[in-house]
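Written out below as structure tokens is the structure these notes cover.
FYI, it's all coordinate maths here, none of it is from the lab. As the structure is a prediction and not an experimental result, all values here were calculated from the model. Cβ coordinates were reconstructed from backbone atoms using ideal geometry, including for glycine residues, and neighbour counts include every protein chain displayed.
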Amino acid sequence: MAGRPRLPISTFGSIKTAEVGPGRFRAWTRFRDWDGETRQVTATGSSRSAAKTALKVDLAARMSIGRLARRAVTLEARPTCRHPVVEALAGVGEVAVPSGRAEPCWSGS
């Protein structure tokens, strides 16, 4: 029998909570980061719901970082300049193409 399927990237599993001291709670879950590694993420609070909320805030930040990282990789890999004049001047910044509109160019480095 096969094991549990991996979490998709930038997602998390079920959130668990436990009381760790008088009036202190810990919430934790497993999160699959944008690099493919699954990590345990924890947060604490003065109540179960406060700990869960703090954890969800941290998870939202991690998901945003993952989206930014994927977008940066996509932009780097995507051909951005298609017009021959723009391609010849790649890396210059904004170049006016014959159609009259400006297109951004990145050298890819």
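Looking at residue 44, is it farther than 27 Å from residue 4 by Cα, of a type outside the set (A, V, I, L, M, F, W, C) and surrounded by 15 or more Cβ atoms within 10 Å (Cβ to Cβ)? It would help to see each step written out before you state the result.
Details: farther than 27 Å from residue 4 by Cα: yes; of a type outside the set (A, V, I, L, M, F, W, C): yes; surrounded by 15 or more Cβ atoms within 10 Å (Cβ to Cβ): yes.
It is true that residue 44 is farther than 27 Å from residue 4 by Cα, of a type outside the set (A, V, I, L, M, F, W, C) and surrounded by 15 or more Cβ atoms within 10 Å (Cβ to Cβ).
Enumerate the pairs (first residue in the stretch 8-34 and farther than 17 Å from residue 48 by Cβ and without any contact (Cβ under 8 Å) to a residue 24 or more places away in the chain; second residue anywhere and among the polar types (S, T, N, Q) and surrounded by fewer than 18 Cβ atoms within 10 Å (Cβ to Cβ)) with beta-carbon separation below 6 Å, excluding pairs fewer than 6 apart on the same chain, so at least 6 apart or on different chains.
Close Cβ pairs satisfying both conditions: 30/38; 30/40.
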